[in-house]
Amino acid sequence: MGQSGYVRPSPEPLRSTVLRFFVAFVLLSAGLAVAEEGVRREVVDAGVHIPVLTKAPELLEFVQADYPPEAKARDLAASVRLVVTIDEKGEVLDAQVPEPVGNGFDEAAVAAVKRFRFSPAEVDFKPSPVQIEYVYHFVLAAPEPDAGVEVAPDEAPDAGPQLDAKLTGKTLVRGSRGFVPEALVLCDERPDVVATSDAEGRFALDVAAGPCHVRVVAAGFFVFQTDETFAPRETREVNLYLIEKVEGMQTVVRGKRDKKEVVSVTISRDEAQKVPGTFGDPVRVIQNFPGVARAPFILGQLIVRGANPSQTLTFFDGVQIPILFHVGGGPSVVNAEFLDRLDFFPGGFGARYGRAVGGVVDVQSRRGASDTWHGSAKIDLLDTALFFQAPITENVSIAAAARRSYIDALLPLVLPKDPNGGSLLVLPVYWDYQVRLDVGAKPGAPRKDGASDFSLFVFGSDDKLQVVATGGARNRDVTVDFHTTFHRLVGGWTYRRGNVTTKLTPYVGYDLAKVNFGISNLTANQWTAGLREDLAFDISKHVTLRLGADIYDQALIGEAELPVISGTQFVEFPGSDPQVGIQRVTKTLNTFDGALFAEADFKFGPFTLTPGMRASYALIGGRVRYAADPRLWVRFQPWDHTAIKGSIGLYTQPPSAASLVDPPFGSPNLVHEKAFQSALGVSHRFTDFINLDVTGFFNRRYDNIINQNQAVVQPDGTVVTYRESNNGLGRAYGLEVLARHEVSKYFFGWIAYTLSRSEEYRAGRDTAYRVTQFDQTHILTVVASVRLPYGFELGARFRYVTGQPKSPLIHDADVYQADSNSFSGSFGPSRSARSKDFNQLDIRLDKYFVFERWTLDVYLDVQNVYWAKNVEATFYDYRFRQEFEVPGIPILPVLGVKASF
Amino acid sequence: MSARALVPAVVALALVACVGPDDNPTTVKDLRVLGIRFETPEVLINECNVGLLSALGSADGGTITIPPELLQKLAVAASRPIKMTSLIADPAGAGRPLKYRVVVCANPNDRRCTNEGDFVELLRGETMAGELSVTVAPGAVLLPDGTPLLQEVITQDLYKGLGGFRVPVLLDVQTLDGAEHVYAQKLMVYMCRFFPEMEENQTPVLPGMTIAGAPWPADEVKDFTGTQEITLEPEDFTALQEPYILPSFQLQPVYLVEAWKVAWYTTLGTMDNLSTGGSDFSGQVGRHRNTWKPDATATEPKDVTLTFVVRDGRGGESWAQRKIRWTP
């Protein structure tokens, strides 16, 4: 009997036809926020409450599709992926095929799925519309005997040989150690010989003795085929490695949820690791988005909408990272493998963030794997990084990462030798670590009402730099030892009950900074204890309330032995470097800073109004500081995929503890820096992956802390010198455009453009605003990464940036100071000229080798591919007669290797 | 520079070395002022104490009134004639005439003494390369509006005399056609004797120079040829570096010891270091060894003048010279 094609019905529709069940939530009515990838984001996040899937929809009525005749005639099979919209009653409203397969399969699948019936899904325990992914398989198989048709005895269908052998084993992901659940294992296309793998990939298939053509079908994987021959009553155990159609790419993070912030950028782990020229550093990736100026050379500083780098803070699971970059302009302390997601707010951020007048970067760490253990190891020019994650029990998982540099071993090989026999040693060393333990329901699993999740997160970083230059023809021996370290221990308890969600985050920390320079040394120890609480109430479908507290207490002890400092402790004479006595200085500073914040969402049709307030009280070295930051966000969503957003608000940032010690080393009268921020923007989502954001912003900064070395003569004749003052003012305004294709199977990328101006003014010195040193009128960045056949992935980044401001040199005479034996230059209006514009192309090529249990990624990251002669800075000859340019980096290739399992 | 920027800075410096200026500060080719010396470099005013200074008021930039007692002491100190000697180099000029002015003004930040109403020209004339000596009384000058210059100096001084009353004296020298022009400023210090142990500063003088470890008398001309490099070092002057006292901002004595710096110049070739000596933040006083390297591109024999200018970091300054006859 010849084969005829038909759709094989499943005797158990839910189990056999739903091969991969991705649940994504879409907002069908204005007002509810959207979560991505199931229930991972049930915690209060970025000030927006994320609804939780508490009951998944179940397929109650399956409808068999008609096998397309044309495809049947050509013996074609296919799997059709559909995005299915189900209403709150379980009826199918819509079915779309995002990636058509053709040959009539799409239409047939849509027609059938539209007649499916599901049980209603529940979000926050209430029936709710949802959107799911559903894969419909069209499999060629022998037809069942037609019921009611009499068959002649000599035409009776062959019931098949007896099933007296067994094939058992696991279906696994090739190249990692993951399981493939819900995979169909078939033998010879017999409809009665089929097994489905369970959640851990295990299956058991009864087969007949003799040859068997084994076929494994799973959504998102290439079909696996092999031939086996069984002896009677034989049981054979195998591992079947399926090749993923999306090797290496992480799950799509759609970011469809509504956010009140006018601009917020979410970066996935793939984007964080794959953007060329960023060395896999997630913080450096932020530099490629609108509103962020290009930092000099390959430094990773974040210069956001004209603010100083110190005015943008980075948080790791809600706790501020005190030192963001490793020594020598190295990578950030945020290990990309440990990143779950990264949110960047260039301004207008929610009231749960504070103590920053620039932007905020919020890094969420990654939970341990829930299926089996996985890991990765990476080696490149600078360091080696290891990552590991595993479930310990059903509800406990762990993830850990560590990184260590080896520049200290390589640098001595390339440093020039002293021809006069002296020695030069430069040893920078850094390492960092993160460890996270989670107790609670697995990611993606429905949460029970009243359930708790716990976490314990430890992270830290250490940097050392030793420089020793002695002997030879040197007139002076140099020995410098520099060491900084920080550690944080962060707890987490998340609890939800009904309409209330709470997250409590206590933490403790230790920081050390130490410098030895000859006879001078400085040591600063700081201990911190803090607490964050985030509480969210869904009062009604129109009103959501968020409250919280953000409190810390800090003790700083600084000790130093250093020379009496000319200019700081006595009047300096030009060119004078006398021999002075050594003084011992001890400073202690205690800081308490407590903030309470509140926000409420009021939703009326397409409008959402969110007023917010953050109020803080600080006691720093016995001095009291208050701050009150009112903020307002407005969102108008005239259509499903378009939103107009605006925000205004006040933001404050306290001075650092070290700045507030007594003079002459500090300035205890410093007050909070302040900023007024405003933004208005429109965003439109064209497709699931493509969106466009256009935003205008205007910021003003007040009481900026600047270095001023103010000397104030007291009535008794003594002089008090203050290193810093609040005499700085700043303003920044501009337009930001971001067109983005989010991470999909084969591609991600974006075009970012910023048109802006940032200016500063110093009270008492300037007569008018002037541009800041980082003002860059035009910043264009284009990033793209595409997955190619044969395991290749190619990425590129192009940047074009307006040249840096500089003051034009005017020379008509040499201006010499005889006491200091130095010259000074004469300049035109401050920063009225610019260096030449910057342009650079960076490329990254990855090649994946997929083995059974692990994957090898070999990558080459080349910066400045066409060796553009950029200018990073300007310097002058000793008499200020001529300008010279400091060139940027030449072509810079970096080779790396990463193994994942 | 923060240590965190060390690697990019090292890279930048390495790149700079490839594209930097050709003009070496140790090589004197054109019109330069290499040093200015005052005899004496400092005038110590007796019985001028902190109490008098505190009466001058706080640093609000407003008009102050100098107490008559202090004014009288300042007038006496400022009237002392000071011999001002400037070392002018002009190898390319080969003895051409130069014109000069000596100007005093009120604010050390006014490097060209051009702030309106705040400067006075003391004298002008013509000279040529070499030592130019004039006698001036920088402090005893009245501004065009009749205000004593010293009063204006005090008004504009952030520290109101705690570091001494420092009067900027400017030597403005240029070629007759104005093609080369140098403004050279030196501070004349009138210092209150805050503490009885304070002594008036003396001019530092190098005791001698060695060449390849052997003494090099001042009147001896050395002969060198080709690419031969010469190691130079001043004779030890550690014992000549004076201890001195300054008032701290808290009006307490700060005990210091001079750490002389030597600036090195040559009319042909280069010196390895422009400046040696001084104390750094690590507490180390730099050594004074230096190396002279001939000009590899020179093809004609030359008489070379080496100049060593020593400064004590308090305004005291002097110089010494040696001659070399060099042949390729």
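Backbone amide hydrogens, once placed in the peptide plane, bring A:Phe179 within less than 5 Å of A:Val173, excluding anything fewer than 5 places away on its chain. In chain B, what percentage of the DSSP-assigned beta bridges are antiparallel, given to the nearest 5? Antiparallel bridges make up about 90 percent of those DSSP assigns within chain B.
Principal-axis analysis of the Cα atoms of chain B puts helix B:68-78 at an angle of about 30° to the longest axis. The share of alpha-carbon pairs in region A:398-538 lying farther apart than 22 Å comes to 60%.
For the listed residue pairs A:Lys274/A:Lys378; B:Lys261/B:Lys302; B:Lys293/B:Lys323, the alpha carbons are over 19 angstrom apart in B:Lys261/B:Lys302. Relative intensity of region B:81-154 on a log10 scale, I(q)/I(0) at q = 0.16, 0.23 Å⁻¹, equals -0.65, -1.04, per a Debye sum over C-alpha point scatterers of equal strength in the absence of solvent. The Rg/Rh ratio for chain A is 1.03, where Rg is the radius of gyration of the alpha carbons and Rh is the Kirkwood radius.
Averaged over the residues of peptide A:564-575, the number of Cβ atoms from other protein chains lying within 10 Å of each residue's Cβ is 6. The distance from the alpha carbon centre of region A:166-213 to that of region B:284-328 is 88 Å, rounded to a whole number. Close amide H contacts of A:Ser520 (hydrogens built in the peptide plane, cut-off under 5 Å, sequence separation of 5 or more or a different chain): none are found. Quick one: in region A:650-780, what % of C-alpha pairs are over 27 Å apart? More than 27 Å apart: 43 percent of the Cα pairs in region A:650-780.
Taking region A:812-880 as the region of interest, what is the percent of Cα-Cα pairs per 5 angstrom bin, listed from the shortest bin to the one with the maximum distance? Bins of 5 Å from zero give 3, 11, 12, 11, 10, 9, 8, 8, 7, 6, 5, 4, 3, 2, 1 percent of pairs.
Histogrammed with a bin width of 5 Å, the alpha carbon distances of region A:314-398 distribute as 3, 12, 18, 18, 18, 13, 10, 6, 1 percent, first bin at zero. Taken over region B:233-284, the alpha-carbon convex hull comes to 121 cubic angstrom per residue.
Each residue of region A:61-72 was assigned a 3J(HN,Hα) from its phi angle through the Karplus curve 6.51 cos²θ - 1.76 cosθ + 1.60 (θ = phi - 60°); the sequence is 10, 8, 10, 7, 7, 7, 5, x, x, 4, 5, 5 Hz, with glycine and proline shown as x. Mean residue ellipticity, 222 nm, helices only, the protein assembly as shown: the sum of -39500 (n - 2.57) across DSSP H runs of n ≥ 4, divided by residue count and rounded to 500, is -1500 deg cm²/dmol. Normalising the Debye intensity of region A:707-757 to I(0), with uniform scatterers on Cα atoms only, and taking log10 at q = 0.17, 0.23, 0.29 Å⁻¹ returns -0.72, -0.89, -1.03. Across q = 0.20, 0.21 Å⁻¹, region A:613-702 modelled as identical point scatterers on its alpha-carbon atoms has Debye log10 I(q)/I(0) values of -0.93, -0.98, in the order of the q list.
Expressed as a fraction of 2.2 N^0.38 Å, the value expected for a compact globular protein of N residues, the C-alpha radius of gyration of region B:205-328 is 1.25. Neighbour counting of Cβ atoms within 10 Å sorts the residues B:Lys261, A:Lys514, A:Lys541, fewest neighbours leading, into A:Lys541, A:Lys514, B:Lys261.
What the phi angles of region A:565-570 give under the Karplus curve with 6.51, -1.76 and 1.60, with θ = phi - 60°, is a coupling list of 9, 5, x, 9, 10, 8 Hz, glycine and proline written as x. Rounded to the nearest 5, the antiparallel percentage of DSSP beta bridges internal to the protein assembly as shown is 95%. Here's how it looks for A:Trp854: its modeled amide H is under 5 Å from those of A:Gly175, A:Ser176, which are all 5 or more places away or on a different chain. Scalar couplings 3J(HN,Hα) for region A:196-212, obtained by applying the Karplus form with A = 6.51, B = -1.76, C = 1.60 to θ = phi - 60°, are 10, 6, 8, 4, 9, x, 7, 9, 9, 10, 7, 10, 8, 4, x, x, 9 Hz; x denotes Gly and Pro.
If you take the alpha carbon atoms of chain B and fit the smallest convex hull around them, that volume is 177 Å³ per residue. Among B:Asp312, A:Asp227, A:Asp837, the ranking by other beta carbons within 10 Å of each residue's beta carbon, starting with the fewest, stands as A:Asp227, A:Asp837, B:Asp312. The residues B:Thr270, A:Thr505, when put in order of fewest to most other Cβ atoms within 10 Å, stand as B:Thr270, A:Thr505.
Each reported figure results from applying straightforward, stated rules to the coordinates on display, with no laboratory input. Nothing here was measured: the structure is a model prediction, and the numbers come from that model. Please note: Cβ atoms are built from the backbone with ideal geometry, for glycine as well, and neighbour counts cover all protein chains shown.
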